[in-house]
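The values are calculated or read from the model by the stated rules, or taken from the named source; none is laboratory data. Here the structure is a predicted model, which means the values were calculated and not measured. Cβ placement follows ideal geometry from the backbone for every residue including glycine, while neighbour counts extend to all protein chains displayed.
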Amino acid sequence: MLDLLVIGDANPDVLLFGAPGTPAYGQAETLVEQGILALGGSAAIVAHGAARLGLAVGFAAMVGRDAAGDFVLDELKSAGVDISACVRHESLPTALTVCLNRDDGDRAILTAQGCLAAFGPEHVPDVAARHLHAASYFLQPRLAAGLPELFRSARGDGVSTSLDTNDDPSGAWNLPLALVSRCTFLLPNQDEAMALTGTADPLPVLAAAGCVPVVKTGKDGCVTLSGGERITARPPVLAPVDTVGAGDSFDAGFLAGWLESGDLAAALALGAAAGALSTRGAGGVATQPTLAEAAALAERVEITRN
C-alpha cells in the first residue's frame, strides 16, 4: 500500500533570477543573473518532497510526449516516486512555467497549460493509499469537476484527503463547499485562504465548512484551527535563497508528519521545517530535506496554542 497518492500538475520550471520588473520588448535581449531548469508543478513538488521524506508515494498526472515530459518523469522517478499512473497525451505538450524572480524576492509566474486541462478523474488510478492529495485545482478544470466524488469515495474507504488549491488565474476563487467538506485538510497560503473566503480571518470560515484548514504564512510558518483551538507553528528564521515550491514542500512535510504520528502539532512542525529547508537553494526540489534533516529542525519549531 502507498502512504500517499498525489494527483495534479507536473511541468518543468524555468527560473530566471534578477529579472527586471518589466522585460524590455522590441526584440531587446536582457541579461539576468541566473537561470535554472527544475521540476515544477505543485503536485509534482509535493510528491518529490514526500518521497525525500521517506514516504511510499504514487503520482498521477498528465504530461506530453515531449522532452519536457521526459524531464518531469525522470526527475520524479529518480526521487523514488512511483510514476506508473502518469499518462502521456498523444498531441498536447507538457505544461511549462517560467518564473521571473526579482531581487526583492517577488516573482511573476507565466504558465502555458499544455495538457493540464485534459487531465481528468478517469486518469486517477484505483490504488490502495493511506492518503490522497490534490493540487492546483484551478488549473485543471476536468479534474476539479470530478474531485468531490474522488474525495467522497476516498473518505468512504477510510482514506484521508487534502487539497492545495494554489492560485486562481481567473480571480474567481470558486471552491465548492461539497469539496471542502470532503477534505480532511485544506492547505492554502494566507493570500489564497483570504481570497477563498473573502475575509481577513479565513480559519473559522473554512473550519465551519467541514475541513481542518492549515494556512501557510510564509516565513512565519503556519496556523490551523481544529476543535476550536488555534495552533501556530513558527520555524527558526533561515535566510532564503529561493522560495519557489516552499509551500509545496510544507505540504509534503505536513502530510509525512500526520501519517507518521496522527498529531496535528507534530505535523505542523515537520511541515514548517520542510518548507523552510526547501528555500536553501534555487528551484522547488533541489534542497528538499530528508526526514532526518526535517525532524532536526522541527524540534526547534515554536508551537503556540490559543
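Out of the residues in segment 257-306 that are outside any helix (DSSP H, G or I) and of a type in the set (Gly, Ala, Ser), state the one that is surrounded by the most Cβ atoms within 10 Å (Cβ to Cβ). Give the derivation first.
At the first step, the residues of segment 257-306 found to be outside any helix (DSSP H, G or I) are 262-263, 281-290, 299-306.
Next cut, of a type in the set (Gly, Ala, Ser) only: 262, 281-284, 286.
Values: Gly262: 10, Gly281: 16, Ala282: 18, Gly283: 21, Gly284: 30, Ala286: 16.
Filtering segment 257-306 for residues that are outside any helix (DSSP H, G or I) and of a type in the set (Gly, Ala, Ser), the one surrounded by the most Cβ atoms within 10 Å (Cβ to Cβ) comes out as Gly284.
With respect to Asp164, determine if the residue is loosely packed, with under 15 Cβ neighbours inside 10 Å and either without any contact (Cβ under 8 Å) to a residue 24 or more places away in the chain or closer than 19 Å to Gly218 by Cα (or both).
Working: loosely packed, with under 15 Cβ neighbours inside 10 Å: no; either without any contact (Cβ under 8 Å) to a residue 24 or more places away in the chain or closer than 19 Å to Gly218 by Cα (or both): yes.
No: the conditions fail for Asp164.
Are any residues in segment 134-181 outside any strand (DSSP E or B) and touching a Phe, Trp or Tyr at 6+ places or on another chain (Cβ under 6 Å), and if so, which ones?
Step one: list which residues in segment 134-181 are outside any strand (DSSP E or B), which gives 136-159, 165-181.
Hits for segment 134-181 are Gln140, Leu143, Ala144, Thr165, Asp168.
Restricting the first member to segment 199-210 and to residues that are surrounded by fewer than 17 Cβ atoms within 10 Å (Cβ to Cβ), and the second to residues that are at pLDDT 95 or above, the beta-carbon pairs closer than 8 Å and six or more apart or on different chains are Thr199/Val205; Ala200/Met194; Pro204/Leu225; Gly210/Val180; Gly210/Ser181; Gly210/Arg182; Gly210/Cys183.
Has segment 5-23 got at least one residue that is in contact with a helix residue (DSSP H, G or I) (Cβ under 7 Å, 6 or more places away or on another chain), under 19 Å from Trp258 (Cα atoms) and either among the charged types (D, E, K, R) or modelled with pLDDT of 95 or more (or both)? Walk me through it before giving the result.
Taking segment 5-23 and keeping what is in contact with a helix residue (DSSP H, G or I) (Cβ under 7 Å, 6 or more places away or on another chain), we get 6-12.
After this cut, where a residue has to be under 19 Å from Trp258 (Cα atoms) as well, the list is 6-7.
Filter once more, keeping what is either among the charged types (D, E, K, R) or modelled with pLDDT of 95 or more (or both): 6-7.
Yes.
Hydrophobic (A, V, I, L, M, F, W, C), in contact (Cβ under 8 Å) with a residue 24 or more places away in the chain and either under 24 Å from Gly257 (Cβ atoms) or part of a loop (DSSP other than H, G, I, E, B) (or both): does that describe Leu55? Yes; evaluated as a whole, the condition is true for this residue.
In contact with a strand residue (DSSP E or B) (Cβ under 6 Å, 6 or more places away or on another chain) and either part of a helix (DSSP H, G or I) or free of Cβ contacts under 8 Å to residues at least 60 places away in the same chain (or both), is that true of Phe254? Spell out how you get there, then give the answer.
Working: in contact with a strand residue (DSSP E or B) (Cβ under 6 Å, 6 or more places away or on another chain): no; either part of a helix (DSSP H, G or I) or free of Cβ contacts under 8 Å to residues at least 60 places away in the same chain (or both): yes.
When the stated conditions are applied, Phe254 does not pass them.
Scanning segment 18-40 for residues being more than 27 Å from Cys115 (Cα to Cα) and either assigned to a loop (DSSP other than H, G, I, E, B) or of a type in the set (A, V, I, L, M, F, W, C) (or both) gives a total of 16. Answer with yes or no whether Asp126 is in contact (Cβ under 8 Å) with a residue 60 or more places away in the chain, surrounded by fewer than 15 Cβ atoms within 10 Å (Cβ to Cβ) and part of a loop (DSSP other than H, G, I, E, B). When the stated conditions are applied, Asp126 does not pass them.
Note on segment 227-239: among residues that are free of Cβ contacts under 8 Å to residues at least 60 places away in the same chain and closer than 21 Å to Glu299 by Cα, the one that is surrounded by the most Cβ atoms within 10 Å (Cβ to Cβ) is Leu238.
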